[in-house]
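Novice: Okay, here's the structure, questions in a sec.
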Amino acid sequence: MPTQALVVFAAAQPEPHLRMLDRFLVIAERNELATAICVNKVDVTGLAHAQALFALYEAIGYRVIYASAETGQGIDALRDLLRDRITVVTGPSGVGKSSLLNAIHPTLQLETGDLRSFEGKGKHTTRTAHLLSMPFGENTFVADTPGIRELGLYDIDPADLGFYFIEMKPFLHNCRYPGCTHDHEPECAVRAAVEAGQISAERYDSYLRLLRGEE
Ligand SMILES: Nc1nc2c(ncn2[C@@H]2O[C@H](COP(=O)(O)OP(=O)(O)OP(=O)(O)O)[C@@H](O)[C@H]2O)c(=O)[nH]1
Ligand SMILES: [Mg+2]
Ligand SMILES: [Zn+2]
């Protein structure tokens, strides 16, 4: 059965940390998972603000679903995305992963957090991963997982990191030196693409931070 990742971030509460989103995406690409992004809590910011924050990810080819577990926006689109697949729902704590699954299938009644408790202390409401069978499609399974605070890159070789930034892939073979890490090397096609505005400076910044093992 096809397996995919759904990376959930909130448009606000908590504020989206896009360098963290990039880290989630690298790990999903490393695991060869088809990946979609859900931007939840658009009721808090309004759709236009949420779109402005995440448009970059649509531009580089990710499907982005804008949603609100509160108002029901995007829930039908999410249900369609999940149908007949195994989906791992992941993202930071408090973004509304369990709330979205409850909205998709109300009788699940997953425990959801009290927003106030997320501020500062970072309490995790969902404590273990649950594989849930959904009552639509022939074979629809969803794993609700605890929010992730820190994400290590484990076994990713720095020399391969560029392959997991999907918009860098077309440039990787044009660097002058084999084994180019797209950091300081001369005649680097990735840096040229950043300078030409073909790769966003923010994503390249995420790349460099991950390459250097910075937070
Ligand atoms: N305004 C608004 N609040 C939401 C929305 N979705 C979830 N919330 C609130 O956000 C808080 C966290 O929701 P959860 O569903 O527990 O978040 P989670 O991502 O499952 O968190 P963990 O289980 O700790 O990883 C709760 O207080 C929800 O009521 C939304 O679309 N809009
Ligand atoms: Mg949860
Ligand atoms: Zn390079």
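The values are calculated or read from the model by the stated rules, or taken from the named source; none is laboratory data. Source: prediction; values computed, not measured. Counting neighbours? That spans all protein chains shown, and the Cβs are built from the backbone with ideal geometry, glycine included.
Novice: Can you go through Glu70, Glu119 and tell me which one is modelled with pLDDT under 95 and out of contact with any strand residue (DSSP E or B) (no Cβ under 7 Å at 6 or more places or on another chain)?
Specialist: Details: Glu70 fails: modelled with pLDDT under 95.
One residue alone meets the criteria, Glu119.
Novice: Taking the conditions exactly as written (closer than 15 Å to Leu21 by Cα, buried (at least 17 other Cβ atoms within 10 Å of the Cβ) and more than 16 Å from ligand 3 (Cβ to nearest atom)), does Ile60 satisfy them or not?
Specialist: no
Novice: Being crowded, with 21+ Cβ neighbours inside 10 Å and either in a loop (DSSP other than H, G, I, E, B) or touching a Lys or Arg at 6+ places or on another chain (Cβ under 8 Å) (or both) is the filter here; which residues of region 66-80 pass it?
Specialist: Ala67, Ser68, Ala69, Gly74
Novice: Within region 157-215, which residues are of a type in the set (S, T, N, Q) and out of contact with any Lys or Arg (no Cβ under 9 Å at 6 or more places or on another chain)?
Specialist: Within region 157-215, Asn174, Thr181, Gln198, Ser200 qualify.
Novice: Using the structure shown, decide if Lys97 is within 16 Å of ligand 1 (Cβ to nearest atom), of a type outside the set (A, V, I, L, M, F, W, C), closer than 19 Å to Pro14 by Cβ and touching a residue at least 60 places away in the same chain (Cβ under 8 Å).
Specialist: yes
Novice: For region 145-162: of the residues being within 17 Å of Ala5 (Cβ to Cβ) and either part of a helix (DSSP H, G or I) or more than 14 Å from the chain's Cα centre (by Cα) (or both), which is farthest from ligand 2 (Cβ to nearest atom)?
Specialist: Looking at the filtered set, the residue picked out is Ile156.
Novice: Can you find a residue in region 191-212 that is in a loop (DSSP other than H, G, I, E, B), within 10 Å of ligand 3 (Cβ to nearest atom), hydrophobic (A, V, I, L, M, F, W, C) and under 20 Å from Tyr57 (Cα atoms)?
Specialist: The answer is no; no qualifying residue exists.
Novice: Cβ-Cβ distance below 7 Å, separation of 6 or more or different chains: which pairs start in region 168-184 with a residue that is in the same structural domain as Ile199 (by TED's automatic domain parsing) and of a type in the set (Asp, Glu) and end on one that is away from ligand 2 (no atom under 16 Å from the Cβ) and modelled with pLDDT of 95 or more?
Specialist: As it stands, the answer is Asp183/Leu208, since those pairs meet every condition given.
Novice: Return a yes/no flag: does region 124-144 have any residue that is away from ligand 2 (no atom under 16 Å from the Cβ), assigned by TED's automatic domain parsing to the domain that holds Thr90 and over 30 Å from Pro106 (Cβ atoms).
Specialist: No, region 124-144 has no match at all.
Novice: If you scan region 143-167, which residues turn out to be touching a strand residue (DSSP E or B) at 6+ places or on another chain (Cβ under 7 Å) and among the small types (Gly, Ala, Ser)?
Specialist: Selection gives Ala143 alone.
Novice: Can I ask one more? Taking the residues in region 124-145 that are surrounded by fewer than 18 Cβ atoms within 10 Å (Cβ to Cβ) and among the charged types (D, E, K, R) as candidates, determine which candidate is farthest from ligand 3 (Cβ to nearest atom).
Specialist: Among them, the one singled out is Glu138.
Novice: Let me ask something additional. Examine region 193-201 for a residue that is outside the structural domain of Leu21 (by TED's automatic domain parsing), in contact (Cβ under 8 Å) with a residue 40 or more places away in the chain and under 20 Å from Leu151 (Cβ atoms), and state whether such a residue exists.
Specialist: no
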